[in-house]
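J.: What follows is a single structure, and I will ask about it in a moment.
Read-outs: derived from the displayed coordinates by stated rules, not from any lab. All values reported here derive from a predicted model rather than from experimental measurement. Glycine gets a Cβ as well: all are built from the backbone with ideal geometry, and neighbour counts include every protein chain shown.
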Amino acid sequence: MNETLSIRANIMKVINIDKEKWASGVESLTSTYRLFGPVKEDDSHNFKELKKGELPDLAYGNSKLSPKSAVFPPSEAMFTYSLDEKNENHHILNDVKKDYSPRAVLGIRPCDAKAVSLVRMNFDTKEYRDPYWMDAFEATTFVGLACDNPCSTCFCTSTGCGPFSEEGLDVLLVENGNAYIAKALTAKGEKLMDAAGFKTAGDDSAIAAKKAAAEAKITASIETDKLSEKVIMDLYDAPIWDDISFSCINCCTCTYACPTCWCFDIQDENKGLSGVRMRNWDSCMTPLFTMHGSGHNPRSQKKQRVRQRFMHKLKYFLDKYQKGIMCVGCGRCVQQCPVNIDIRTVSKKMNDYVAAS
Amino acid sequence: MDAYITKIKEISERLLKDGTVEAVIGFRQGTVPTMSEPCMIKRSDDVKDLVWDSNCRINLCNYLTNRKEKLAIVAKGCDSRNIVTHIIENKIKRDQLFIIGVPCKGMNDKNTGELQDNCGTCTHRNPVIYDELVGDLVEEQTDVDKYADVKKVEALSSDEKWNFFNDLYSSCTRCHACRNACPLCYCPTCFVDESKPQWVGKADDAVDIRTYHFLRAYHCAGRCTDCGSCEAACPQNIKVRQMTKKLEKDCSELYGWEAGLTLDERPPLDTFKVDDREDFIK
C-alpha cells in the first residue's frame with residue numbers, strides 16, 4: 001500500500017486522451033512548442049523536428065538513433081569568429097544565437113528518457129553546468145510512450161529502468177485501446193497537457209496490468225549484480241579484453257546509437273577569413289579521441305578503447321555516481337554492432353570475473 | 001553447413017594441436033539471430049566455439065592486417081581474394097597463413113534474411129587461394145549482370161546523379177563502419193582522421209560526408225572484391241557499394257581487371273606500363 005501511495009503522490013494528474021483528439025492536440029501545441037518525434041525514414045524511425053502538420057509516428061519499436069539529439073545535436077555551432085584583421089572584432093568569439101524556446105519530445109521511450117537523466121549527471125554538476133545541453137534540456141518537455149511490445153534485444157528491466165519507467169519523463173502516455181492514458185508527472189508535463197487541450201480526467205487503473213504484461217515480454221537481461229564490489233584495476237587488468245575486443249572494428253556505431261553516450265569534440269571550421277566553433281559527437285572508439293597534441297596516444301590500441309567503453313558504462317559510472325550502470329538496456333548497440341559485440345555478454349564476463357589472488 | 005562446421009573445427013583443432021598455427025580466425029555463435037561474431041581461437045579446446053552459417057558476412061581478411069604470428073583463417077571466396085590483395089600489398093605473408101577455404105553459396109542480408117545483394121551477382125564463390133577446403137567446390141554463377149544498378153546511375157543526368165548521391169548519403173552519421181569493416185582500409189591514419197593539418201571537417205556538413213565516401217571509394221579502385229562487408233556493416237543501411245561497384249566496373253572495362261585473383265599481378269592503379277595508352281603518364 002505504501003508503494004502505491006508513494007507512486008500516486010508523484011502523479012500530478014491522470015488524463016484520458018481520445019486518440020481522435022490526438023492530432024488536434026498536437027496541432028495546438030505547435031503555437032507554444034517546437035515538436036520533436038519519431039519519423040519513419042525508409043526502414044526505420046528516427047527522432048526529428050516535426051514539420052508543420054506532421055504527427056509523430058507512434059507505431060514504432062525503437063528509433064535507429066536515440067532521441068538524445070533533441071538536446072544534444074550531432075553537430076552544434078557554439079561560436080562564430082572573424083580572422084580578418086581589418087574587422088574590429090577579429091579573433092573574438094561571438095555566441096551563436098540559439099532557440100531555447102519551449103520544445104517537446106513526443107513519444108520518447110522510457111529507456112531513452114531515463115538515459116537523458118543519466119546524461120544530465122554529466123552535464124549538470126556542482127562544478128559545471130554545460131550551457132548548451134542544459135538550456136536545451138530545460139526547454140524540453142519529455143512526453144514518453146510506454147512500451148507495450150519491447151524488441152527482442154531490449155533488456156531495460158535489468159538496468160533499473162523498464163518499459164513503463166517514469167524516470168526523466170514529464171508525461172507518460174500508455175496506449176489503451178482508442179485512447180492514451182496520460183500521466184502528467186511534473187508541472188512541465190501538466191502545462192503541456194493543458195496547452196494541448198487534454199483535460200479529460202482519466203483513470204490509471206489499467207496501467208498496472210499493462211506494465212506487468214510488457215515487463216514479462218522482456219526476457220533478455222544484463223548481469224551487473226557483482227560489478228560494484230569489483231576492484232577497478234582487477235577488471236582493468238582482467239585477461240578478458242583481448243577476446244572481447246578482437247572482433248571490434250572501432251567504428252562509432254555503438255556510441256552514436258547509444259542514448260547515454262555524451263562525448264563530444266570541439267572543432268574550429270574556417271572558411272576564408274571567418275569561422276565557426278562547432279561541437280560534434282565524438283566516440284571513444286576512435287584513436288583520434290585520445291590523441292594528444294604531442295602525438296602520444298594513451299589509447300592507441302583497440303583493446304584499450306573497447307575496454308574504456310565498457311568500463312565507463314559498467315564500472316566507472318557505477319562507482320562514481322552509485323546510481324547503477326550507464327546503460328538503460330535499449331539494445332541499440334546489440335542490434336546495430338556490425339560484428340555483434342554484445343554489452344550483455346561483456347557485462348557477464350566482467351560480473352563473473354574473479355581476480356587470481 | 002553442418003559438414004562445413006565439422007570440417008572447420010577438425011582442421012582448426014589439428015593445426016592448433018600440431019603447432020602449425022598460433023591461432024585460428026573464424027566466426028563464433030552470435031547473440032542475435034542474424035549475426036555471427038568474428039573471433040580468434042588460440043586453444044584447441046575452444047575450437048568447439050567455431051561456427052559457419054549465412055551470417056558470416058564480415059570479411060575476415062580485415063583481421064589479418066600487419067599480424068606477425070602464424071595464423072589459420074576461415075575464408076570464403078571474397079575473403080580469399082582480399083587475402084591475395086593483402087599478400088600483394090605486404091599486409092601479411094603467404095607463408096604465415098593456413099587458409100581454410102570455404103566454398104560459399106552466399107550470405108544473408110542482416111535485415112531481410114534474403115541473399116545479400118553482392119552475393120547474388122558473385123562470380124567467385126570458391127576461394128581462389130587455400131590450403132585446405134572444407135567441402136566440394138560449388139558451381140560458379142555465370143549468367144549474372146553484376147552492374148545493373150551501376151548502369152542505372154550512369155544513365156542519369158548530372159543533376160539527377162547529384163541528387164542521387166545526396167540522397168544516398170543523407171543518413172550517414174560518419175561512424176566509419178564501412179571503412180573499418182573493409183580489409184582494404186588499413187592506412188595507419190585515414191585521411192579523415194588527419195589532424196595535423198586536418199583535411200576534412202568533422203561536423204555534419206554534407207560536403208564533408210560526401211568527401212569521405214568518394215575518397216574512400218577511390219582508394220578501393222582496382223582492389224575492391226565487392227565482398228559487401230562495408231554495406232553489411234553500415235548501421236544506417238546505406239548502399240555504400242554503389243560507388244565501389246562503379247569503380248570495379250571501370251577497372252573491369254578499362255583494364256580487364258578483377259581484384260584478388262592472382263598473386264602474380266599488381267592492381268592496375270598500383271602499377272605502370274611503358275605502353276600505357278595515355279600520354280600524360282609517359
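J.: In the neighborhood of A:Tyr60, defined by Cβ-to-Cβ distances under 14 Å, what is the net charge if each Lys or Arg adds +1 and each Asp or Glu adds -1?
T.: Taking every other residue near A:Tyr60 into account, the sum is -2.
J.: Identify which of A:Asp237, A:Asp42, A:Asp18 has the largest mean-square fluctuation in a Gaussian network model of chain A, with springs joining Cα atoms closer than 10 Å.
T.: Most flexible of the set in this elastic network: A:Asp42.
J.: Another question, then. Taking the stretch A:61-121, which GluC sites (Glu not before Pro) meet the DSSP loop condition and have no more than 11 other C-beta atoms within 10 Å?
T.: Values: sites: A:Glu76, A:Glu85, A:Glu88; in loops: A:Glu85, A:Glu88.
Hits after loop and neighbour filter: A:Glu85, A:Glu88.
J.: For A:Lys191, give me every one of the lysines with a C-alpha distance below 20 angstrom, ignoring sequence neighbours fewer than eight places off in its own chain.
T.: A:Lys13, A:Lys19, A:Lys21, A:Lys183, A:Lys199
J.: If you don't mind, another one. Just tell me the longest site-free run in chain A, where the sites are chymotrypsin sites (Phe, Trp or Tyr not before Pro) in a DSSP loop having at most 16 other beta-carbon atoms within 10 Å.
T.: A:129-352
J.: Remind me, relative contact order of the stretch A:227-352 in percent, using alpha carbon pairs under 8 angstrom and six or more residues apart? List each step's numbers first, then the result.
T.: Numbers: 140 pairs, mean separation 38.2, N = 126.
Averaging sequence separation for qualifying contacts and normalising by length gives 30 percent for the stretch A:227-352.
J.: When a footprinting reagent is the concern and you count Cβ atoms within 10 Å, what order do B:Ile11, B:Ile25 take, fewest first? List each step's numbers first, then the result.
T.: On the way: B:Ile11 22, B:Ile25 26.
With the sparsest Cβ surroundings first, the list reads B:Ile11, B:Ile25.
J.: Can you tell me which of B:Arg216, B:Arg241, B:Arg43 moves the most in a GNM of chain B? Springs connect C-alpha atoms under 10 Å apart.
T.: Largest GNM mean-square fluctuation: B:Arg43.
J.: Rounded, prolate or oblate: pick one for the stretch B:27-80, where a ≥ b ≥ c are the square roots of the eigenvalues of its C-alpha gyration tensor, a/c under 1.5 means rounded, and failing that, prolate if a/b is larger than b/c, else oblate. Working shown, then result.
T.: Details: a/c = 2.08, a/b = 1.21, b/c = 1.71.
Cα axes put the stretch B:27-80 in the oblate bin.
J.: Based on a Kirkwood Rh over C-alpha pairs, give the Stokes-Einstein translational diffusion coefficient of the protein assembly as shown at 10 °C and viscosity 1.306 mPa s in µm²/s.
T.: Translational D for this selection: 59 µm²/s.
J.: Checking the table A:Lys315/B:Lys7; A:Lys230/B:Lys70; A:Lys52/B:Lys146; B:Lys9/B:Lys249; A:Lys40/B:Lys161; A:Lys64/A:Lys188 against a 32 Å threshold on Cα-Cα, which pairs fail?
T.: A:Lys315/B:Lys7; A:Lys230/B:Lys70; A:Lys52/B:Lys146; B:Lys9/B:Lys249
J.: Now, a different point. For the stretch A:56-125 and the stretch B:1-32, compute the distance between their C-alpha centroids and round to whole Å.
T.: 48
J.: A further question follows. Indicate the gyration tensor shape class of the stretch B:148-257 (rounded, prolate or oblate), computed on the Cα atoms with a ≥ b ≥ c the square roots of the eigenvalues: a/c under 1.5 is rounded; otherwise a/b larger than b/c is prolate and the rest oblate. Numbers along the way, then the final one.
T.: Values: a/c = 1.64, a/b = 1.23, b/c = 1.34.
Oblate.
J.: Please give the Cα centre distance for the stretch A:311-357 versus the stretch B:116-175, rounded to the nearest Å.
T.: 36
J.: What is the order of A:Lys64, A:Lys211, fewest Cβ neighbours within 10 Å to most?
T.: Arranged by neighbour count, lowest to highest, A:Lys64, A:Lys211 become A:Lys211, A:Lys64.
J.: Turning to a different aspect of this structure: Check chain B for me: any Cys whose beta-carbon has no other cysteine beta-carbon within less than 4.7 Å?
T.: B:Cys39, B:Cys56, B:Cys61, B:Cys104, B:Cys119, B:Cys122, B:Cys172, B:Cys187, B:Cys190, B:Cys234, B:Cys251
J.: If you take each beta carbon of peptide A:242-253 and count the beta carbons of other chains within 10 angstrom, what is the mean?
T.: For peptide A:242-253, the averaged partner shielding equals 6.
J.: Normalised by the residues of the stretch B:2-133, what does the relative contact order come to in percent, with Cα pairs under 8 Å and at least six apart?
T.: Reported as a whole number, the value is 23 percent.
J.: Let me ask something else. If exposed GluC sites (Glu not before Pro) are those in a DSSP loop with at most 14 other Cβ within 10 Å, what is the longest stretch of chain B that has none?
T.: Details: sites that count: B:Glu69, B:Glu114, B:Glu139, B:Glu140, B:Glu194, B:Glu265, B:Glu278.
With a cap of 14 other Cβ atoms within 10 Å, the longest stretch comes to B:195-264.
J.: Here is a further query. When only C-alpha pairs under 8 Å and at least 6 residues apart count, what is the relative contact order of the stretch B:159-267, in percent?
T.: Taking the mean separation of contacting Cα pairs over the length of the stretch B:159-267, I get 29 percent.
J.: Next up: Please identify, among A:Met233, A:Met78, A:Met121, the residue showing maximal mean-square fluctuation in a Gaussian network model of chain A using a 10 angstrom Cα cutoff.
T.: Looking only at A:Met233, A:Met78, A:Met121, the largest GNM fluctuation is found for A:Met233.
J.: Moving to a separate point now. In whole Å and largest first, what semi-axes does the C-alpha gyration tensor of the stretch A:58-126 yield when each eigenvalue is scaled by 5 and square-rooted? Provide the component values of the computation, followed by the final result.
T.: Numbers: eigenvalues 249, 42, 23 Å².
Result for the stretch A:58-126: semi-axes of 35, 15, 11 Å.
J.: A further question on this structure: For a footprinting-style exposure proxy, rank A:Val339, A:Val354, B:Val138 by other Cβ within 10 Å, fewest first.
T.: A:Val354, B:Val138, A:Val339
J.: Only loop residues by DSSP count here, and only those with at most 10 other Cβ atoms within 10 Å; note down the trypsin sites (Lys or Arg not before Pro) in the stretch A:66-134 that meet that.
T.: A:Lys86, A:Lys97, A:Lys126
J.: Oh, and also: By the gyration tensor of its Cα atoms, with a ≥ b ≥ c the square roots of the eigenvalues, what is the shape of chain A: rounded for a/c under 1.5, prolate for a/b over b/c, or oblate?
T.: oblate
J.: So which GluC sites (Glu not before Pro) in the stretch A:27-75 pass both tests, a DSSP loop state and at most 14 other Cβ atoms within 10 Å of the Cβ?
T.: Here the GluC sites (Glu not before Pro) that fit, given the DSSP loop and packing criteria, are A:Glu54.
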